Amino acid sequence: MLTPDIKKYINQSVLCWLATSSLDNIPNVSPKEIFTYYKSDSIIVANISSPQTVKNIKQNSNVCISFIDILIQKGYQIKGKAIIIKKGESEFEVIEKELLKMTKGKFPFSSVTKISIQSVKQIVAPKYLIYPETTEDEQIESARTIYNL
């Protein structure tokens, strides 16, 4: 399910947003900086400072993760089932190596959220839909102007 395009946008995204819900259906959305794809069917996220996210996933494994390239303003929304993998569990050491490449040891974490993908939906800025002739280069220039970059 992880196409080359999805992997490209994961690599180009600075943050993702992970949505969870408690057993009482109270939603929580939390930005995550350290995330990547794992194998061909999962996304992994370092739990650096995520007590509510971890608590919610233990109660309700349904999650949604979204990420976009902020300049191109395209990305993906992925829904799936999440599990928490803790330090000491067999898979943690393998997954930890992938995330440590990103943190370089500067952000310690003792658990990881692993999301098994169930559905994928592309995200595109409304400008691409309203003005279909919009190119990515034009969108990048527009975003740079708006964000003063």
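The values are calculated or read from the model by the stated rules, or taken from the named source; none is laboratory data. Every value quoted in this text rests on a predicted model; they were computed, and no experiment measured them. Please note: Cβ atoms are built from the backbone with ideal geometry, for glycine as well, and neighbour counts cover all protein chains shown. Note: areas computed on protein heavy atoms with side chains; ligands, DNA, RNA excluded. Shrake-Rupley method; radii C 1.70, N 1.55, O 1.52, S 1.80 Å.
List of remarks:
- Taking 0.36 nm per residue of separation and subtracting the current Cα-Cα distance, fully stretching the chain between Ile48 and Leu23 would add 6.8 nm.
- Global geometry of region 66-149, whether rounded, prolate or oblate, following the gyration tensor of its Cα atoms and the 1.5 cut on a/c: oblate
- Accessible surface, per residue, of the chain when the full set of protein chains is kept, probe 1.4 Å, Å²: 57
- Pairs over the 21 Å Cα-Cα cut-off, from the set Lys97/Lys121; Lys7/Lys55; Lys39/Lys97; Lys32/Lys106; Lys86/Lys106; Lys81/Lys101: Lys97/Lys121; Lys7/Lys55; Lys81/Lys101.
- If R0 is taken as 41 Å, the Cβ-Cβ distance between Leu100 and Ile130 corresponds to a FRET efficiency of 0.45.
- Oblate is the label for region 108-147. Its Cα gyration tensor axes, ordered a ≥ b ≥ c, give a/c of at least 1.5 and b/c at or above a/b.
- Cβ-based charge dipole, region 73-149, positive-most Cα from Leu149, Ala82, Pro126: Ala82
- Accessible-area composition of region 78-149, carbon plus sulfur, in percent [1.4 Å probe]: 54
- Hydrodynamic radius (Kirkwood) for region 1-134, which is based on Cα pairs only, to one decimal in Å: 15.3
- Listed by chain and number, the lysines whose C-alpha is less than 17 Å from the C-alpha of Lys127, apart from same-chain residues fewer than 8 away, are Lys74.
- Acute angle (nearest 10 degrees) that the helix 90-103 long axis makes with the longest principal axis of the chain, alpha-carbon atoms: 40
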